[in-house]
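Participant: Here it is, the structure, as structure tokens.
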Amino acid sequence: GAVVSQHPSRVICKSGTSVKIECRSLDFQATTMFWYRQFPKKSLMLMATSNEGSKATYEQGVEKDKFLINHASLTLSTLTVTSAHPEDSSFYICSATGTRHTGELFFGEGSRLTVL
Amino acid sequence: RKEVEQDPGPFNVPEGATVAFNCTYSNSASQSFFWYRQDCRKEPKLLMSVYSSGNEDGRFTAQLNRASQYISLLIRDSKLSDSATYLCAVEGAGKSTFGDGTTLTVKP
């Protein structure tokens, strides 16, 4: 399957700071990347869909100014959590698909954010 | 009503048992269906796709029933290493929706 890498895997920050998470497709060109958030013992909640070179499409209830998504190249998308607060603490996971997308998703390793 | 609903679990079974999970979905226009496995504090990984004709991979069998809008996963001869959370996913209009997951614990 396709290889997707996410960094950092774990980050701890103080309240009010911003955190950037990177998602890279290593062996294919990712025309679309998805950002998910997962709370303990809950499923993945889609936050936004980003297509290379265009603005991300956010799901209802997700603040676009809070969660900035950039997909500037076919191999990299970034999620920036701005002015982080403790309630933003969560597991953030990206997935990427290419031009031959058939529905299955390949995920990055996930990033566990803890805001103190 | 959630778009995708799964058996609540958890399932605790002995080694060698057969266990089945079900998942229902509400959007009849959904196009693709999958089962993912997620280990504790890890990312989900694709287990198998689900087709109307059924899909078997070793001890795992997945089935789709479009008329009743549910998918199933059957695990035969459970191994300790099968312990994980199993997520069903329904894809349509370019995005996937996941169930909350069913946790399976296989005990010696």
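Computed from the coordinates by the stated procedures, all read-outs in this text should not be read as laboratory data. Only a predicted model underlies this, so the values are computations on that prediction, with no experimental measurement involved. Here Cβ is always computed from backbone atoms with ideal geometry, including for glycine, and neighbour counts include all displayed protein chains.
Participant: Picking from A:90, A:77, A:25, which is most flexible by a Gaussian network model of chain A using Cα springs under 10 Å?
Facilitator: Highest fluctuation of the listed residues: A:90.
Participant: What Cys residues in the protein assembly as shown have no fellow cysteine's beta-carbon under 4.7 angstrom?
Facilitator: That list is A:13, B:40.
Participant: Still on this structure, I have one more. In peptide A:40-49, how many Cβ atoms from other protein chains are near each Cβ within 10 Å, on average? Numbers along the way, then the final one.
Facilitator: Values: counts 1, 5, 3, 14, 12, 2, 4, 0, 0, 2.
What the average comes to for A:40-49 is 4.
Participant: Calculate one ³J(HN,Hα) per residue across region B:96-108 by plugging θ = phi - 60° into the Karplus curve 6.51 cos²θ - 1.76 cosθ + 1.60, and present them in order as whole Hz with x for glycine and proline.
Facilitator: Along region B:96-108, the couplings run 10, 10, 10, x, 6, x, 10, 8, 10, 10, 9, 10, x Hz.
Participant: Where the convex hull is taken over the Cα atoms of the protein assembly as shown, what is its projected area averaged over directions, in nm²?
Facilitator: Values: hull surface 50.1 nm².
Hull-based average projected area comes out at 12.5 nm².
Participant: When A:76, B:47 are ordered from fewest to most other Cβ atoms inside 10 Å of their Cβ, what list results? Display every interim value, and only then the final one.
Facilitator: On the way: A:76 16, B:47 20.
Lowest count first: A:76, B:47.
Participant: If you don't mind, there's one more thing I want to ask. Residues of region B:45-81 with backbone nitrogen within less than 17 Å of a virtual label 7 Å along the Cα-to-Cβ line of residue B:15, please, listed as ranges.
Facilitator: Of the residues in region B:45-81, B:76-81 have backbone N under 17 Å from the label point off residue B:15.
Participant: Quick one: B:45, B:2, fewest Cβ neighbours within 10 Å first, how do they rank?
Facilitator: Fewest-to-most ranking of B:45, B:2: B:2, B:45.
Participant: Let me ask something else. For the residues A:35, B:35, what sequence is obtained by ranking on other C-beta atoms within 10 Å, fewest first?
Facilitator: Taking fewest neighbouring Cβ atoms as first place, the list is B:35, A:35.
Participant: Return a whole-number percent for the relative contact order of chain A, with Cα pairs under 8 Å and 6 or more residues apart as the contact set.
Facilitator: Relative contact order of chain A: 38 percent.
Participant: So what's the gap between the Cα centers of region A:9-83 and region B:1-43, to the nearest angstrom?
Facilitator: 25
Participant: Restricting the count to DSSP beta bridges whose residues both fall in chain A, what percent are antiparallel, rounded to a multiple of 5?
Facilitator: Counting DSSP beta bridges with both partners in chain A, the antiparallel share is about 90 percent.
Participant: Using only alpha carbons, build the gyration tensor for region A:4-116 and give me the equivalent ellipsoid semi-axes, biggest first, whole Å. Don't skip to the end; give the middle numbers.
Facilitator: Details: eigenvalues 100, 39, 35 Å².
Output for region A:4-116: semi-axes of 22, 14, 13 Å.
Participant: Test of understanding: in a Gaussian network model of chain A with alpha carbons linked when under 10 Å, which of A:16, A:103, A:53 would top the mean-square fluctuation ranking?
Facilitator: The residue with the greatest mean-square fluctuation here is A:103.
Participant: State which entries of A:20/A:64; B:45/B:107; B:2/B:42; B:42/B:107 exceed 19 angstrom in Cα-Cα distance in the structure shown.
Facilitator: Cα-Cα > 19 Å for B:45/B:107; B:2/B:42; B:42/B:107; rest within.
Participant: Please find, in a Gaussian network model of chain A (springs between Cα atoms separated by less than 10 Å), the residue of A:83, A:95, A:43 whose mean-square fluctuation is greatest.
Facilitator: Highest fluctuation among the options: A:43.
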